């Protein structure tokens, strides 16, 4: 996709070589990525003198805008230069440009990365959220993991702010509605005309897929939030105030469920087990993915995949998926 053919998977990241224009396209259409960065320089460095020397001779005018604040995030691991604040200060003293840099030290090797997006990519635009919101990029990844496009219907009960329904609707829409900016738009090499031409022609990966999307929650406040968030997709998403346990049986549907847990679950003990019973009774010919805390056991019919949501460890319990 985007002309990117070779990727290397690393811990928490995917590395690839591409033209800058291809990265613009990937940042707009990927939906699962949190950010995109480009490697500007990498060098062995054991002291501040060499750090300043190397930083000074990087051709920053090719990468960074002349105006704006320079933001630097530093991570040091097993290196002689370990004081993050001191590293950031030395770099700022030698770079008179704006932008956001991620500087990583490991085993005395310094790599300087330019953040191309600015705000994390899960921030799509003007979404209202309910309690314990699910990040958009995680919701999109779960839909992809469950192969949502092969089903006739997506059922999103306990929807909260409706993130699963929104991500599915956007992924299947026929055009890209961009509601945010990216830091790569400030780069000297950015070509606005080419980018706008791309946006006019761009289609999401599952454009044209005819999937019925049903979104519900028993909270009136949540329903108002969902209707606000889905205002551009009201012809695609069916929204209803309804309790999950009142849903009618279905076939060839994918259920994506993010039930309350932790403090929000104090009054609803054994909720995940009750959800499992409902699925096996009324949705046995469907697929389902449920987000649960690690201590929940939904039974032998559910496969478990561990991931994180906002820094919290969670389990994805999947039923009839993969």
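Just so you know, all these numbers are worked out from the coordinates, no wet-lab data involved. The structure presented is a predicted model; accordingly, all values stated were derived computationally and were not measured. Cβ atoms come from the backbone with ideal geometry, glycine included; neighbour counts cover every protein chain shown.
Just check segment 37-115 against the gyration tensor rule for me: Cα atoms, a ≥ b ≥ c as the square roots of the eigenvalues, rounded for a/c under 1.5, and otherwise prolate or oblate depending on whether a/b exceeds b/c. It comes out prolate by the Cα gyration axes. Between 0 and 90 degrees, the angle of helix 163-172 with respect to the longest Cα principal axis of the chain falls at about 80 degrees. Can you tell me the orientation of helix 271-282 relative to the chain, as the angle in degrees between its alpha-carbon axis and the longest Cα principal axis, to the nearest 10? Taking Cα atoms only, the helix is inclined about 60 degrees.
Compute the Cα gyration tensor for segment 233-322, then decide on rounded, prolate or oblate, letting a ≥ b ≥ c be the square roots of its eigenvalues: rounded whenever a/c is under 1.5, prolate when a/b is larger than b/c in the other cases, and oblate in all that remain.
Rounded, because the longest to shortest axis ratio a/c is under 1.5.
Could you tell me how many degrees, from 0 to 90 and to the nearest 10, lie between the Cα long axis of helix 220-229 and the main elongation axis, the longest principal axis, of the Cα atoms of the chain? With rounding to tens, the tilt is 50 degrees. Computing semi-axes √(5λ) of the Cα gyration tensor in Å directly from the structure and comparing it against [x] 33, 23, 19; [y] 41, 23, 17; [z] 40, 20, 17 singles out [y]. Helices in the chain, meaning DSSP H runs of at least 4 residues, each add -39500 (n - 2.57). Divided by all residues, the mean residue ellipticity at 222 nm is -7500 deg cm²/dmol.
Both radii come from the Cα set of segment 120-198: Rg as radius of gyration, Rh as Kirkwood radius; their ratio Rg/Rh reads 1.04. Under the shape rule built on the C-alpha gyration tensor, where the axes satisfy a ≥ b ≥ c, segment 222-262 is oblate, since a/c reaches at least 1.5 while a/b does not exceed b/c. Using the average count of surrounding beta-carbon atoms within 10 Å as a protection proxy, the listed peptides 134-140, 22-28, 121-127 rank, highest first, as 134-140, 22-28, 121-127.
Per-peptide packing, taken as the mean over residues of other Cβ atoms within 10 Å, places 161-168, 11-18, 66-73, 287-294 in the sequence 161-168, 287-294, 66-73, 11-18 from highest down. Relative contact order of the chain: 15 percent, from C-alpha pairs under 8 Å at least 6 residues apart in sequence.
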